[in-house]
Amino acid sequence: MGVLNTVLFPDRVDERKEDEVHYLKEIPDAKGKVLRVIINPTLSPHRVITVFFDRRERS
């Protein structure tokens, strides 16, 4: 549920490259850690590249 929620209702979106969009969302159940989901939107269907709690981001 965390990954889907992050992509559908992100706190922030960062489009770094044409083939890479970063979705960030604070996850309250994870003590406020920020989940980063990186997606390639140029593929059909969109492909998740990676998912991780980003230590550099703080709520």
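Nothing in this text is a laboratory measurement; each read-out follows from the coordinates by a stated rule. The shown structure was predicted, so the numbers you read here are calculated from the model rather than taken from an experiment. Here Cβ is always computed from backbone atoms with ideal geometry, including for glycine, and neighbour counts include all displayed protein chains.
Restricting to segment 1-14, name every residue that is more than 15 Å from residue 58 (Cα to Cα) and either over 11 Å from the mean Cα position of the chain (by Cα) or among the basic types (Lys, Arg) (or both). The one that is more than 15 Å from residue 58 (Cα to Cα) and either over 11 Å from the mean Cα position of the chain (by Cα) or among the basic types (Lys, Arg) (or both): 1. Candidates 13, 51: the one that is in contact with a strand residue (DSSP E or B) (Cβ under 8 Å, 6 or more places away or on another chain), part of a strand (DSSP E or B) and surrounded by 14 or more Cβ atoms within 10 Å (Cβ to Cβ) is 51. Just one of the numbered conditions (1) without any contact (Cβ under 8 Å) to a residue 24 or more places away in the chain; (2) within 11 Å of the chain's Cα centre (by Cα) is not true of residue 31: (2).
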